[in-house]
Each structure stands twice: as structure tokens, then as C-alpha cells.
1. Filtering the stretch 101-136 down to residues that are modelled with pLDDT of 95 or more and of a type in the set (A, V, I, L, M), which residue is farthest from Asp163 (Cα to Cα)?
2. Restricting to the stretch 93-120, and then to whatever is among the aliphatic types (A, V, I, L, M) and over 16 Å from Asp210 (Cβ atoms), can you tell me which residue is surrounded by the most Cβ atoms within 10 Å (Cβ to Cβ)?
3. Considering Met187, Met194, which residue is hydrophobic (A, V, I, L, M, F, W, C), part of a helix (DSSP H, G or I) and free of Cβ contacts under 8 Å to residues at least 40 places away in the same chain?
4. When you check Leu128 against the structure, is it in contact with a Phe, Trp or Tyr (Cβ under 7 Å, 6 or more places away or on another chain), assigned by TED's automatic domain parsing to the domain that holds Phe179 and at negative phi, yes or no?
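The values are calculated or read from the model by the stated rules, or taken from the named source; none is laboratory data. What you are looking at is a predicted structure, and each value in this text was computed from that prediction instead of being measured. When we count neighbours, we look across all protein chains shown, and the Cβ atoms used for this are built from the backbone with ideal geometry, even at glycine.
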Amino acid sequence: MKNAKYSFFLCVIAGIVIGGVAMRALFETFVIPAKDATIQNLQTKHENAADAVRFPPPAPAKPLTNDAGEFDTTIAKYYDEKFNKRPMIKWRVLAATALKECYQKGNWDLATNSTDGLDQVLGFFDDLGYDEQHGRISADVIHQYFYDDIAAYYQGSVEYISDAQKEDATYFENIKPLFNDVTKIEMQKAGVVMCLTDKDYLEYLRSEIDLKNDK
């Protein structure tokens with residue numbers, strides 16, 4: 001009888017042990033992986049959210065073309081209107097006068113006319129070049145509106161710009177890149193880039209000076 005009870009007791013113990021082992025196996029097989037997966041998902045979501053806060057995606061650049069694929073000329077029209085308004089025309093007349101005198105005397109040190117107008121005109125092209133360099137307007141559109149003016153003023157002002165940049169390298173720093181870019185467009189369109197002859201350069205300056213007679 002004692003042996004029977006003892007055997008029964010051992011069976012109960014064995015059943016408990018086997019059941020415990022089975023439960024542990026089930027727990028390790030299903031519960032722990034699921035818990036780990038949940039924790040991993042939460043960590044991933046948290047990391048993604050943190051990254052989204054720390055590193056927001058950059059805003060898309062404003063396209064240079066409209067829905068029809070045509071270059072946006074809004075900024076070009078703004079500059080064109082400014083270039084042909086009375087205040088700038090006054091500066092253009094003074095700038096051309098100073099350039100003509102320098103050409104005739106061969107040295108800026110001998111020029112007696114004020115260069116204030118030239119500073120204003122070069123500042124205008126420097127601003128235009130800044131917008132072109134920063135993608136607000138294309139070289140193609142600028143070429144359409146201003147190529148002749150940029151070419152003439154830059155050709156006549158290279159030495160003046162160089163002297164100014166000896167004092168401060170940032171003076172008129174966007175004009176040369178602007179000139180280079182619109183010259184590339186001219187090469188693409190015309191197949192050749194012709195430097196202004198002395199005759200053509202002086203004729204251009206005369207046309208600028210004659211703006212003072214426009215009503």
C-alpha cells in the first residue's frame with residue numbers, strides 16, 4: 001500500500017515537472033519572441049520618430065519652370081523693369097560716362113567722373129548673379145534679357161572689379177560667374193562668342209549715355 005501511494009506521489013511529481021517543462025517550452029517558443037518583437041517595434045518607431053524630429057526632410061527646391069515646361073520669367077521681369085526705370089537709368093548714364101572716360105584715358109586713376117553710377121550698375125548685376133547662383137533664375141532667361149548689357153559692362157569693368165576686390169573679395173563676386181554662365185548660353189545658341197570690338201563697345205556706351213535724353 002505504501003508502495004502504491006509512493007508510486008502515485010512520484011507520478012504526480014513527474015506530471016508537475018513535465019507540465020512545467022512543457023509550459024516553459026511554450027513560453028520560450030511563443031511568448032518571449034512576441035514580447036521581443038513588440039519591444040523591437042516600439043524601439044524602431046521611437047527611433048524613427050526621433051530621426052524625423054532631428055532630421056526633417058529638406059523642402060523641395062522651387063522649380064525653374066512652370067507647368068508648361070517654360071522657364072519662369074517672374075524674377076527676370078522684375079529685374080528688367082528695375083533696369084529700365086528712371087533711377088537705374090540715371091545710374092546707367094553715369095556708369096557709361098565713367099567707363100567711356102576710363103577707356104579714353106586708359107587708366108582708372110586718371111578718371112575724374114564719379115564711379116557711383118558704375119557701383120550701382122555693377123551692384124545690380126551682382127544681385128542678379130546671386131539669384132542665378134542660388135537657383136532663383138536660370139542663366140538661359142538672364143541671357144534672353146541681359147546678355148548684351150552684362151557682356152558690355154563686364155568687359156569694361158574687369159579692372160575696376162579687380163581693384164575693388166583687392167579691398168574686399170566679396171565686392172561684385174557674383175558678376176564673373178554670371179558672365180561665364182550667360183556666355184556659355186551664348187555659345188550654345190550662336191555657336192561662337194564674339195568679344196566686343198572697340199567700335200561696338202563705344203557704340204554701346206554712347207547708347208547708354210543717350211538714355212539721359214529719353215523722356
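1. Leu128
2. Initially, the stretch 93-120 is screened for residues among the aliphatic types (A, V, I, L, M), giving 93-96, 98-99, 110-111, 118.
Keeping just the survivors that are over 16 Å from Asp210 (Cβ atoms) gives 110-111, 118.
On the way: Leu110: 10, Ala111: 20, Leu118: 26.
This residue is Leu118.
3. Met187
4. Yes, satisfied.
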